[in-house]
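Encoded as structure tokens, the structure appears first; notes follow it.
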Amino acid sequence: MATLALSACATAPETGINDPHEGFNRRMHAFNKGFDQRIVRPVTSPFKNSDGASTDGALVVLGNVGGNLALPGKVVNSLLQGRPGKAAQNAGRFVVNTTLGLGGIHDPAGQEFGLTEVDTDFGETLHVWGAPEGAYLELPLIGPTTERDAVGKVVDWVIDPLDHVLDDNEARVKTVIRLGSKAGERARFGDTIDSILYGSADSYAQARLLYLQHRRYELGMEGGEIDPYDPYEDQ
């Protein structure tokens, strides 16, 4: 849902919509919308001010720590994409914020060293490798995605380096933190998400359009074509 909020601010060229599973997707959208209306929205709405910013310090901290915990997986994906410069940037950010930033609570990497986060995932890795986008999907609790990105989400969970060094209890704590960070995102982008889900004549079609536009935009796709990738852009 936070992705939808970001996508509402992005522009992208017109591209086709491949939605052969629309019946299933609409049922999942109705489920997700009901879950948000009954559980997520009431829980997160009290923790934002009139500007949409979170007013709860715990949600802010969870968001910061959750973002930091996601960095090792992004390092792996950057390497798989042949982008060592971006991998090094995320690795440096993780090391600095884990140590000087007290586990990611603070952001000295960005504020003092200029090591901003380079967002990526295995869905982008598949895109770089030339895998097609596939059909549009809406999955329970996960929300809008595509067949390629759905596979990417599973692989991201498998290849996360932290899962191979944490014990079971630490892994459970990590999961709770990541879920808490998602709640913080819902509070932060609440007004935009509400306008999509509850202010649209057809919230499913609106969510689908905005997700696909934003995803294709951030992957550099234009007119349904994939822009060539320069493997030396980071060197």
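Results, tabulated for the structure shown:
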read-out	value
Residue match in the range 152-164 (condition: without any contact (Cβ under 8 Å) to a residue 24 or more places away in the chain, farther than 22 Å from Asn64 by Cα and not in a helix (DSSP H, G or I))	no
The range 182-200: number of residues that are surrounded by fewer than 20 Cβ atoms within 10 Å (Cβ to Cβ) and not in a helix (DSSP H, G or I)	2
Total residues in the range 78-136, condition outside any helix (DSSP H, G or I) and among the β-branched types (Val, Ile, Thr)	4
Residues satisfying the stated conditions in the range 201-220, i.e. polar (S, T, N, Q) and either open to solvent by less than 20 Å² (accessible area, probe 1.4 Å) or part of a loop (DSSP other than H, G, I, E, B) (or both)	Ser203
Residue within the range 134-143 that is out of contact with any Gly (no Cβ under 9 Å at 6 or more places or on another chain), crowded, with 19+ Cβ neighbours inside 10 Å, charged (D, E, K, R) and closer than 19 Å to Lys182 by Cβ present	yes
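The values are calculated or read from the model by the stated rules, or taken from the named source; none is laboratory data. These figures come from a predicted structure and were not determined experimentally. Cβ sites come from the backbone with ideal geometry, for glycine too, and all protein chains shown count toward neighbours. For accessibility, only protein heavy atoms count, side chains too; no ligands or nucleic acids. Shrake-Rupley method; radii C 1.70, N 1.55, O 1.52, S 1.80 Å.
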